[in-house]
Number of protein chains: 2
Amino acid sequence: MALKDVVAGKRNEEGIASALAVLKQQLGDRLQTGQAFREQHGHTTTYLTLQAPDGVVFAESADDVKAVVKVCSQYKVPVIPFGTGSSLEGQVNAPSGGICIDFSRMNRIIEVNAEDLDVTVEPGVTREDLNVYLRDTGLFFPIDPGANASIGGMASTRASGTNAVRYGTMKDNVLAVTAVVTNGEEIRTARRARKSSAGYDLTRLFVGAEGTLGVITSVTLRLQGIPEKIAGGVCTFDSIKAACDAVIMTIQMGVPVARIELLDEVQVRACNAYSGLNYAEKPTLFVEFHGTEETAALQSQQFAEIAAECGSIDFRWTSDAAERNKLWKARHDAYWASRALAPHLDGLSTDVCVPISRLADCVVETQLDIQENGFLAPIVGHAGDGNFHVLILFDGKDAESVAKTEAFVARLNRRAIAMDGTCTGEHGIGQGKMSFLAEEAGNALDVMRAIKMSLDPDNIFNPGKLFRLV
Amino acid sequence: MALKDVVAGKRNEEGIASALAVLKQQLGDRLQTGQAFREQHGHTTTYLTLQAPDGVVFAESADDVKAVVKVCSQYKVPVIPFGTGSSLEGQVNAPSGGICIDFSRMNRIIEVNAEDLDVTVEPGVTREDLNVYLRDTGLFFPIDPGANASIGGMASTRASGTNAVRYGTMKDNVLAVTAVVTNGEEIRTARRARKSSAGYDLTRLFVGAEGTLGVITSVTLRLQGIPEKIAGGVCTFDSIKAACDAVIMTIQMGVPVARIELLDEVQVRACNAYSGLNYAEKPTLFVEFHGTEETAALQSQQFAEIAAECGSIDFRWTSDAAERNKLWKARHDAYWASRALAPHLDGLSTDVCVPISRLADCVVETQLDIQENGFLAPIVGHAGDGNFHVLILFDGKDAESVAKTEAFVARLNRRAIAMDGTCTGEHGIGQGKMSFLAEEAGNALDVMRAIKMSLDPDNIFNPGKLFRLV
């Protein structure tokens, strides 16, 4: 499937050839140009057309990154950072070719400061590896987008996930980054202090920039103490509206819920089938509470009362770890469960985020749209943030199916924007949502463009993403 | 006192005269040029030399702001936004003259969305007025820098205060701003969704920019539910180290403390005398817990156990509102209490922020510095964030006292930076800390400069703040 935004850019053939030759000399085998390597580093996990880079550098240090950026600056060649390739909107495609920097070898934990609840890592560290490493410290890194993404990629797409409702997104949990900027110099955006009023917030500028302003070479993250007690449950409602009301009231009452996930009927059916569960096929909330033995129990009780007031049918509560893990495994497998509903079809996962008061409206209107157009498309969402995902199952080889799917995604994005929401809560813009960012941001896009052009005048950093320059 | 950074800039006399003439025609009495008005809008509340603007526009709408920016763009005249004038580092001085925009008449609450826990306000709304307005909704705006600052000013300086440890800073609580940028156009940085991955985080770029990138015309804020129960207490320790250890363990254990303030011996003495209290003159923590009846009690108990383990001498706990208000009134009056220690002297309030593991070191080294130099300088801090303030009492008319004070401030800033901290946790850079930002940011300052020059090529937005352009 080739969305209209995924167009091939102009290629600087001469520059690319020169850069490859110079980098081969400088980096030897750390530069690979074989077709298999290149194609593994274009966009392979999503619905978007693969656009492979011309070479892949397996960077082993910030010095390697500097070398690539210096050479690519000199020859005006694109530089595309690559973590694990789990992004969903074409962030790692190379529409104008260029050099991909693969961070899988830059996967060292640089420094854990347990007393300060922070850690500095290389960008290739994955969130699961980080949490395994941290286990003995009593600390954990809470952001969980589902995929075992790299920390650099998560920072670059401003990732979040199931427990952002309590712990925030990458915006809230990155204390500082180092990044190689256009002249090949490395800057550090901030210190390890938990807050600062010292000048422009460059950290937040690089978080979510999708590699378009420079290449992140390390990330300093806030950590959390592992909760003494984790409890959770499954709560069923007769309508999406009732489930959303329970979410709103939970947030408004200040119950510090750690996760509160909304699954629509179709998603519950998919999860039941895929993960061997037997939940009622009704709008459902998966919830989780973190605290001490007492506070987790109190929170669960508060939530149960709120849910009952909003008309919940059933609340199955558990503090048993095995039971809880089964539940969240099913939630994390929602994508695969949905794909299994129609294994012969392709899947397009898209997300929007609206003010929570509009979540029920947005989900219900989207369900109607799905029904009217005969899609099979489960909905699952981070309800506490007003963020939800639709997985549209479609036939990528059928032009009509593709066109219908594109039109549905456009309606969904515009519906969210019209409700004062955003065209993406956590997947980012990449190539897939460029036209919706333009609609959403309006003339603020000119400010983004001005920043891009000032920090990357030759447009070498991940070109063809976020917005067009002219 | 004139710090070396507070230098008069070049004045564009012809442009200023033209801009004043055009604006007088456009805005009539909303532009005031009398000396009293002008001097009230230069920096009057701090140790920095007053540098008055040439005219003050009492803006009544975003259209007035656009008019000022358009005219000032045309004639290349500085534009300085002014909230309540409570900033501490010269943020509202006019070193090159120009037009001050006073926001006191733009003090409307534009929209409360109670279900979404957000509110949109004009920049001149003060935080106390906002909270009075919100009272009936069951919601409140938690950021409390002490002064009754304007929301626009708080956003611009990335303010925080006593309960940032629980609720975050302005960075975490501003959802979006509208701002008039260099061409006189108004942009909106984000939508009301609680999170977004849609492009550069312009919200966080304008928060903390101190008016140097454009003029904020509205702010959308996150709100919190008013806690059912607020409890608090006073906890005394034999040493700063023991008090800091209790803070670190409280944070690490994930106790969601709402405020945790450190007062050194001198500050306790000052508060006792000024506010009629009788606390032991020892390192002291003021703490506060927000929750339900049960959770607030649980948190207090958890904290008491941690404090005892760290060697606390005494913990006086209260859930009585009057008692609690007295405590926090004393905390908020700490500045005046300190000034009252030596009413004939001037006061310089400065702040730094370090990783909390270094807080005890930084405070103790600073106390030694104070003793060695014979200063009277109480210390009070937002310990949970590693942020503390020193109020140095000095004689502004005595060159030696001024020079000694400047040297002390420089040592304090460098001490914090050397501990991987920042030269300001919440006061901002303004004019007073420009040289320390340069030391702290290193080559990242070039990135800040590039952004500034791209968004404000004629340097009209609050010039002479944050950094030098060349």
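The values are calculated or read from the model by the stated rules, or taken from the named source; none is laboratory data. From a predicted model like this one, the values you see are computed outputs, not experimental measurements. Positions of Cβ are backbone-derived with ideal geometry, glycine not excepted, and every protein chain shown enters the neighbour counts. Side chains included, ligands, DNA and RNA excluded: accessible areas come from the protein's heavy atoms. Shrake-Rupley method; radii C 1.70, N 1.55, O 1.52, S 1.80 Å.
Some values worked out for this structure:
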| item | result |
| --- | --- |
| Among (1) on the phi < 0 side of the Ramachandran plot; (2) within 7 Å of chain B (Cβ to nearest Cβ) - the single one A:Phe206 does not satisfy | (2) |
| Entirely in the stretch B:270-384, the strands (runs of 3 or more DSSP E) that have 3 or more residues that are open to solvent by less than 30 Å² (accessible area, probe 1.4 Å) and modelled with pLDDT of 95 or more | B:284-291, B:346-353, B:379-382 |
| Selection status of B:Leu213, within 30 Å of B:Gly184 (Cα to Cα), touching a residue at least 60 places away in the same chain (Cβ under 8 Å) and in a helix (DSSP H, G or I) | no |
| Only listed residue being within 16 Å of the chain's Cα centre (by Cα), basic (Lys, Arg) and either open to solvent by less than 30 Å² (accessible area, probe 1.4 Å) or at pLDDT below 95 (or both), chosen from B:Lys433, B:Lys452 | B:Lys433 |
| Unmet criterion (only one of (1) surrounded by fewer than 16 Cβ atoms within 10 Å (Cβ to Cβ); (2) modelled with pLDDT of 95 or more) for A:Pro53 | (1) |
| The stretch A:385-406: number of residues that are within 22 Å of the chain's Cα centre (by Cα) and either within 14 Å of another protein chain (Cβ to nearest Cβ) or of a type in the set (Gly, Ala, Ser) (or both) | 5 |
| Odd one out for B:Asp245 among (1) away from chain A (no Cβ under 14 Å); (2) more than 17 Å from B:Tyr167 (Cα to Cα); (3) touching a residue at least 24 places away in the same chain (Cβ under 8 Å) | (1) |
| Unique match (being crowded, with 24+ Cβ neighbours inside 10 Å, under 30 Å from A:Lys241 (Cα atoms) and out of contact with any strand residue (DSSP E or B) (no Cβ under 6 Å at 6 or more places or on another chain)) among B:Asp116, B:Asp136 | B:Asp116 |
| So A:Gly232, is it away from chain B (no Cβ under 11 Å), within 25 Å of B:Thr250 (Cα to Cα) and open to solvent by less than 20 Å² (accessible area, probe 1.4 Å) | yes |
| Checklist (1) surrounded by 24 or more Cβ atoms within 10 Å (Cβ to Cβ); (2) modelled with pLDDT under 95 applied to B:Val69, failing item | (2) |
| Test: residue in the stretch B:408-422 that is in a loop (DSSP other than H, G, I, E, B), among the polar types (S, T, N, Q) and open to solvent by less than 10 Å² (accessible area, probe 1.4 Å) | no |
| Scan of the stretch A:150-189 for residues that are surrounded by fewer than 24 Cβ atoms within 10 Å (Cβ to Cβ) and of a type in the set (Gly, Ala, Ser), ordered by number | A:Gly168, A:Ala176, A:Gly184 |
| Residues (closer than 18 Å to A:Gln224 by Cβ and either within 17 Å of the chain's Cα centre (by Cα) or not aliphatic (A, V, I, L, M) (or both)) located in the stretch A:131-148 | A:Asn131, A:Tyr133, A:Arg135, A:Asp136, A:Thr137, A:Gly138, A:Phe140, A:Phe141, A:Pro142, A:Ile143, A:Asp144, A:Pro145 |
| Sole residue being within 14 Å of chain A (Cβ to nearest Cβ) and among the hydrophobic types (A, V, I, L, M, F, W, C), chosen from B:Cys271, B:Cys310 | B:Cys310 |
| Helices (runs of 4 or more DSSP H) completely within the stretch B:4-113 that count 1 or more residues being of a type outside the set (A, V, I, L, M, F, W, C) and within 23 Å of B:Ile151 (Cα to Cα) | B:35-40, B:62-75 |
| Options B:Ile216, B:Ile260, B:Ile251, B:Ile226; residue that is open to solvent by 10 Å² or more (accessible area, probe 1.4 Å), of a type outside the set (Asp, Glu) and at pLDDT 95 or above | B:Ile216 |
| Selection within the stretch A:167-203 - within 17 Å of the chain's Cα centre (by Cα), more than 7 Å from chain B (Cβ to nearest Cβ) and not in a strand (DSSP E or B) | A:Tyr167, A:Gly168, A:Met170, A:Asn173 |
| Of the criteria (1) within 11 Å of chain A (Cβ to nearest Cβ); (2) within 25 Å of B:Gly430 (Cβ to Cβ); (3) open to solvent by 20 Å² or more (accessible area, probe 1.4 Å); (4) of a type outside the set (Asp, Glu), which one B:Gly146 fails | (1) |
| Enumeration of residues in the stretch A:119-146 that are touching a residue at least 24 places away in the same chain (Cβ under 8 Å) and either under 19 Å from A:His382 (Cβ atoms) or of a type in the set (S, T, N, Q) (or both) | A:Thr120, A:Thr126, A:Arg127, A:Thr137, A:Phe140, A:Phe141, A:Pro142, A:Ile143, A:Pro145, A:Gly146 |
| Residue check, B:Phe237 modelled with pLDDT of 95 or more, away from every other protein chain (no Cβ under 12 Å) and in contact with a Ser or Thr (Cβ under 6 Å, 6 or more places away or on another chain) | yes |
| Single residue of B:Ser87, B:Ser160, B:Ser73, B:Ser156 found to be within 14 Å of chain A (Cβ to nearest Cβ), touching an Asp or Glu at 6+ places or on another chain (Cβ under 8 Å) and within 22 Å of B:Asp54 (Cβ to Cβ) | B:Ser156 |
| Pairs with Cβ under 8 Å, 6+ apart, first in the stretch A:439-460 and more than 9 Å from chain B (Cβ to nearest Cβ) and over 19 Å from A:Arg11 (Cα atoms), second open to solvent by 30 Å² or more (accessible area, probe 1.4 Å) and at pLDDT below 95 | A:Arg449/A:Leu469 |
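Yes/no per residue for (1) free of Cβ contacts under 8 Å to residues at least 24 places away in the same chain; (2) of a type in the set (Lys, Arg); (3) in contact with a helix residue (DSSP H, G or I) (Cβ under 9 Å, 6 or more places away or on another chain):
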| residue | (1), (2), (3) |
| --- | --- |
| B:Gly254 | yes, no, no |
| B:Glu261 | no, no, yes |
| B:Tyr279 | no, no, yes |
| B:Val287 | no, no, yes |
| B:Ala297 | no, no, no |
| B:Gln301 | yes, no, no |
| B:Ala330 | no, no, yes |
| B:Ala334 | no, no, yes |
